[in-house]
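What follows is a short report on a single structure.
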Amino acid sequence: MLPKESHSTLLKLCFQQHLQSQIRSFAKLVKKQDPDEVKNMPIFQYATENTKRTKRVYMWGNALFGALGHASFIKPMKHMKPKESMKYPWRMPFADFHNVRDIACGYGFTVFAATNPENDYSVFGTGSNSDFQIGYHCIKKDRPLQIIAEPLPIILPVFNLSSKAVKVGCGRAHTIILTEKEVFSLGSNSYGQCGVPEDVKKEKSELKCISRIEGISEDISEVICGQDHTLLLTPTGKVYSFGWSADGQTGLGHYNNQFIPELVKGDIEGEKIVNISSAADCVLAVSDKGDVFGWGNSEYHQLNSITDKQQINIPRKLNLNIGKVTQVAAGGTMCAVLNEKGNVYTWGYGILGQGPAVTSSKIPLLLPEPLFGCNEFNPDAKVTKLACGLTHFAAVNNKFHLYMWGRNRDDCLGLGKHKDQFFPFKVAVPAEVLKVSCGVDHTAVICQSFS
């Protein structure tokens, strides 16, 4: 019997001889091939330590309205049925040819802030287009498309052609686009959520127009869309709002719809707001000091710490007693916050991540750290980002792993099963997750490849 060292050396020699034999055989084959055939032969590339890391976009959830951006899901090949949903993360080819800066999921549609060196477009949309929330696209004159199966460019009326979209936000049927210098809106303005003055009467055919939001003297750094209202955040921490305010979600001190941007005051006046969230009609905001403020709907005890009323129409500071908060997430009936230690707290009504027995809470409940990957192998793992849809939450830890829980409407959790998820569960995304956007029934993430 050969020693282990000799056995290993023999295996290496055999492998080298086999490889050299394969190379010689391939060389002979190439000599016999026609030059044109050789040119068309496939080229295989293998990752190395110096391989450049690239951005990717993965999507999952409802596929019937085109929000996932793949035409074959809606109109498949012969004898095949349309795909109702994707229950696992699906890699979107669009991102392989575009540099995606930002992404937002609306109700059945998705918008991308993305650039491509081969064209001048910087924003694209796919999915439901019932109110022209992803621009006017038609197959024939006066026959606009109601559903866009794959991402199409949205042409912005920018003053400077070199200006690119950097942020996007989507509501139920409207879209807000932030470029380097301007803010644009499109889609339904029924409640003023596009920031178009009420006295500007528009014909049905003119609804396809993209409007420039005016009346704000400061730059805008973030755009946040609730169900039918919009919030704009400035670099100095001021908040402007407009849109539906039946539950006080504009925070302007009244319950009337707001058609032009107005500065939000209340308890946030003089504070520097750094993060805002609103998936429906409740709003949470956090300041640079780590204080949390809330306004809007409180029918499910979202703002229970400072009121027993069902609505608040002006920002109020919440008494949560959970330390310095860094991020907030306000869903349809439930809320979540993340503090500086990486701890996640939830309250309200719905699937809170505490198991099937806990469906409501008036006070913030701590979710155990091991649910987000903290264990003896990863003792330093902690949550760094939060996001939410109407009925589900998403969290990303410092290892760039994604965890989701809540109602699994049309497989929007991406867990490979149709059932609801009562605890945070890791989503099998084959890349490092950088940003999450949750729609009402689909989810999109911007990622970075491992290598």
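The values are calculated or read from the model by the stated rules, or taken from the named source; none is laboratory data. Please read these numbers as outputs of a predicted model, since none were measured by experiment. Virtual Cβ from ideal backbone geometry, glycine too; neighbours counted across all protein chains shown. Calculation scope for accessible area: heavy atoms of the full protein, side chains included, ligands and nucleic acids excluded. Shrake-Rupley method; radii C 1.70, N 1.55, O 1.52, S 1.80 Å.
A few remarks follow.
- Hull-based mean projected area of region 292-451, where the convex hull spans the alpha carbons, in square nanometres: 9.5
- Rg/Rh (Cα only; Kirkwood hydrodynamic radius) as it applies to region 73-161: 0.99
- Per the Kirkwood formula applied to alpha carbons, region 328-403 shows a radius of gyration over Rh ratio, Rg over Rh, of 0.96.
- Among 277, 250, 312 the positive-end extreme of the charge dipole of the chain (Cβ point charges): 277
- When all protein chains stay in place and ligands, DNA and RNA are ignored, the 1.4 Å accessible-area order of 244, 60, largest first, is 244, 60.
- Rounded to the nearest 20, the Cβ-based charge dipole of the chain about its Cα centre (Lys and Arg +1, Asp and Glu -1) stands at 1680 debye.
- Rg followed by Dmax, in Å, when region 130-197 is reduced to its Cα trace: 12.7, 34
- For the chain, the longest principal axis of the alpha carbon atoms and the long axis of helix 4-32 meet at an angle near 90°.
- The equivalent ellipsoid of the chain has semi-axes of 43, 30, 20 Å, largest first, where each one is the square root of 5 times an eigenvalue of the Cα gyration tensor.
- The trypsin sites (Lys or Arg not before Pro) of region 124-188 meeting both criteria, a DSSP state outside H, G, I, E and B (loop) and at most 16 other C-beta atoms within 10 angstrom of the site's C-beta, are 141, 181.
- With q set to 0.17, 0.24 Å⁻¹, the log10 of I(q)/I(0) for region 291-339, from the Debye formula over equal scatterers at the Cα positions, is -0.45, -0.90.
- Once all protein chains are placed together, residue 155 keeps about 120 Å² accessible to a 1.4 angstrom probe.
- D_trans [Stokes-Einstein, Kirkwood Rh over alpha-carbon pairs] for region 275-362, 10 °C, 1.306 mPa s, µm² s⁻¹: 125
- About its Cα centre, the dipole of region 132-181 is roughly 80 debye, where the only charges are +1 on Lys and Arg Cβ and -1 on Asp and Glu Cβ.
- Only protein heavy atoms count here; under a 1.4 Å probe, residue 56 has an accessible surface of about 50 Å².
- Mean-position separation - Cα centroids, region 242-312 and region 418-434, in angstrom: 30
- Candidates per chymotrypsin sites (Phe, Trp or Tyr not before Pro) in region 371-436, loop by DSSP, up to 10 other Cβ within 10 Å: 377
- Extreme residue, positive dipole direction of region 162-261, given options 171, 191, 221 (C-beta unit charges): 171
- Segment residue 221-residue 449, extension gain: residue separation times 0.36 nm, minus the distance between their alpha carbons: 79.4 nm
- Cut-off 14 Å between beta-carbons: net charge of the residues surrounding residue 101, Lys and Arg +1, Asp and Glu -1: +2
- Long pairs among 81/167; 272/382; 52/289; 317/399; 167/417, criterion Cα-Cα beyond 27 Å: 81/167; 52/289; 317/399; 167/417
- Most tightly packed first, judged by the mean number of other beta-carbon atoms within 10 Å of their residues, the peptides 67-79, 245-257 read 245-257, 67-79.
- Computed accessible area, residue 121, all protein chains, 1.4 angstrom probe, square angstrom: 90
- Remark: spin-label model distance residue 77-residue 159 equals 5.2 nm, labels positioned 7 Å along the Cα→Cβ axis.
- Pairs of Cα atoms nearer than 8 Å and 6+ residues apart set the relative contact order; for the chain it is 13 percent.
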